[in-house]
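The next block holds one structure in the form of C-alpha cells; read it before the comments.
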Amino acid sequence: MSQVEQVAPRVFVESSSALPLVSFSVSVPLGAAEDPDGQLGLTRLLAILLRRTAGGRTAQQLDVAVDGLGASLAVDVTQSTLSLSGSVIARNLPGVVELLADAIARPGFDEDELERAKRETLAELVESRDDDRTLAQRWFRRRLFQGHPAGRSVSGTPATLAAIDRPALLAQHARLITREQLHFAFAGALTPAQAAEIAASVSGLAPSGEARSSLPQEPPPQPGRRLVVVDKPERTQTQILIGCLGTHPHDADHLPLLVGNTVFGGTFTARMTRAIRSDRGWSYGAYSSLPSDRYRQSFSMWTFPRAEDAAPCVALELELLERWVAEGISQQELELAQRFLVESHAFSVDTASKRVGLELEQQLHQLPPRYYQSYTERIEAVTLSEVNAAIARRITPEDLLVTVVGTNDRLGPELRRAVARLAEAEVIPYTRD
C-alpha cells in the first residue's frame, strides 16, 4: 500500500523529496480515558501546557520560535491518544526537534499559564452550548457510553477543571509521557536514518517507565429504546443522533458491517440520504457512521431537520433502520458499496503524511496487523451473506439511544410518540455541564 518504513519498534517514516518539508508527530497511546475521577480534562490541559511551556519558555516565546522556523506545532487529545504534531521547512528541522524535546521532557508547567488554559477551556465549554451539533454529540456519547471512559468529557467540566493544579499535571506527565510510550511518525524530506536518530534523541530525554496501553473494558450495553431531549429554548431546527454500540476492528464482521453501513447511510446517495433528503427534503444531511478506535465505538445516524419535521424524521429513521436490519442489502448494493470504498480509499493514502498517519494510527489503536495495507483486498472479499449477517448481529433496533437537541415544550410529546416502544425518556437542560 505504501512506502512507509518502520525503522524502530515505534518509529514510522516515509521519505519524499517532492517538497522541502517534513511533517512529524509524537504520540502516546494514552489519552483522556486516563483522567482521574474528579479531574476530567487533565490530559488535555497537560497537552496544552506541553506546547505552551516547553523548556520553561513562555507561550509567546514558543509561538515566536515556531513561526521563526517556518513551522507549525499543535496538540490533540482523544480518549485514547495524546499527540504533538506539525510540519517544518526541512532545513529548520533541528530547531523543531529541540522544541519537541523540550515539550516532551522539559515542560515548565507555569501556574499562570495553567490558569490561563483553564479559563480558555471554561470559555470553550460555555461557547459550545451555542453549537447544537456539539451538544447532540456530547449527550449522545455520555448516555450511550454511560459508565465507560468513552462517555466522559475530554475537556472536563467547570468543577473538574477547578480541581486541577500543577502537582496533578506533574503526576499525569509522569504517568503518560515515558520513553516506552512515545511513538514517532515522519514524512517528507528526511531519511529513515535521520528519523530514527531524531526519535532516539527525543525519547532518550524522557523518563523511563512502564510500557502500557490502556484497553478499557467493553462499553456496557444500554438496553431498551431511550430518548434524550437536550432542551434548548426557541429552536427552529433540531440536531438528531440515533444509534447503538457498533463494531470493533478486531471483530470478524467489522468490515462487512462497514460495507453495510455504506449502503445504508455512508454516502450522498445512500438509502437514508435519499429517503430523508432527496424524497422528503427534511434534512440537507442524513448520514450514518461507524468509527473505529481501540475500544468499541458507536453506530449512529445523524440528521438536522426543522423542528416541525423532527418527530416524523425520527419515526422514518427508525423504520428505515428496522427494514435494513430485517432485509439486509442486495447484491447490486454490495458491489456499489465495495467499489466506492475501494476507490475512495485512494484519497486516504495519496500523500506520504497520510500513509504514515495510518501506520501510526494502526499502532496507537492496536488495530489488526496490516489493517490498512490489506484494506481494499478485504473489502473486495466481503460477501453478501457476511454483510447481512453482520447487520443483523450488531445493530439492535430495540436497544437504541435517540438524542435530540430542540425545544422540549414544542417537541417532547411528539418525539415520545415517534419512538415506538419507548422505555425511558430524559430531558436535559442545554446548560448542564
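Coordinate-derived values only; no laboratory data. Everything numeric here is computed off the predicted structure, so don't read it as measured data. With ideal geometry, Cβ positions are generated from the backbone for all residues, glycine too; neighbour counts draw on all protein chains shown.
Any chance you could check the Cα centroid distance between segment 391-433 and segment 234-288 for me, in angstrom?
So the two Cα centres are separated by 17 Å.
Quick one: 3J(HN,Hα) in Hz for segment 3-9, Karplus 6.51/-1.76/1.60 with θ = phi - 60°, rounded, Gly and Pro as x.
10, 5, 10, 9, 8, 7, x
Report the relative contact order of the chain, percent, no decimals, based on alpha-carbon pairs under 8 angstrom and at least 6 residues apart.
23
Can you tell me, using C-alpha contacts under 8 Å and at least 6 residues apart, the relative contact order of segment 5-205 as a whole percent?
Relative contact order comes out at 39 percent.
Counting each DSSP H run of 4 or more residues in the chain as -39500 (n - 2.57), what helix-only mean residue ellipticity at 222 nm follows after dividing by all residues, to the nearest 500 deg cm²/dmol?
Per the formula, -13000 deg cm²/dmol.
Once you put a point 7 Å from the Cα of Glu426 and another 7 Å from the Cα of Glu210, both along the Cβ direction, what distance in nm separates them?
3.2
Which length gain, in nm to one decimal place, applies between Asp130 and Asp76 when the Cα-Cα distance is subtracted from 0.36 nm times their residue separation? Don't skip to the answer; put the middle values down first.
Values: separation 54, 0.36 × 54 = 19.44 nm, distance 2.25 nm.
Result: 17.2 nm gained on full extension.
Extending each Cα 7 Å along its Cβ direction at Ala174 and Glu377, get the distance between those two points in nm, one decimal.
Label-label distance for Ala174 and Glu377, simple model: 4.8 nm.
Does segment 332-374 classify as rounded, prolate or oblate by the C-alpha gyration tensor (a ≥ b ≥ c root eigenvalues; a/c under 1.5 gives rounded; else a/b over b/c gives prolate, otherwise oblate)?
Oblate, since a/c reaches 1.5 and b/c is not below a/b.
Taking the chain as the reference, fit the longest principal axis to its C-alpha atoms, fit the long axis of helix 254-265 to the helix C-alpha atoms, and give the angle between the two in degrees, 0 to 90, nearest 10.
60
For Glu414 paired with Ala200, estimate the spin-label separation in nm (one decimal), with each label point 7 Å from Cα along the Cα-to-Cβ line.
About 6.7 nm separates the two model spin labels.
What FRET efficiency, computed as 1/(1 + (r/R0)^6) with R0 = 35 Å and r the Cβ-Cβ distance, is obtained for Arg91 and Ala392, rounded to the nearest 0.05?
Rounded to the nearest 0.05, the efficiency is 0.05.
Label point 7 Å out from Thr351 along Cα-to-Cβ: which residues of segment 59-84 have amide N under 16 Å?
Once the point is set 7 Å along Cα→Cβ of Thr351, 71-74 turn out to lie under 16 Å by backbone N, inside segment 59-84.
Between segment 158-182 and segment 291-307, how many Å separate their Cα centres?
Comparing the Cα centres of segment 158-182 and segment 291-307, I get a distance of 30 Å.
Name the residues whose placed amide hydrogens come within less than 5 Å of the amide hydrogen of Val230, ignoring near sequence neighbours (fewer than 5 apart) on the same chain.
Amide H to amide H, under 5 Å and 5 or more residues apart or across chains, Val230 pairs with Val404, Val405, Gly406, Ile428.
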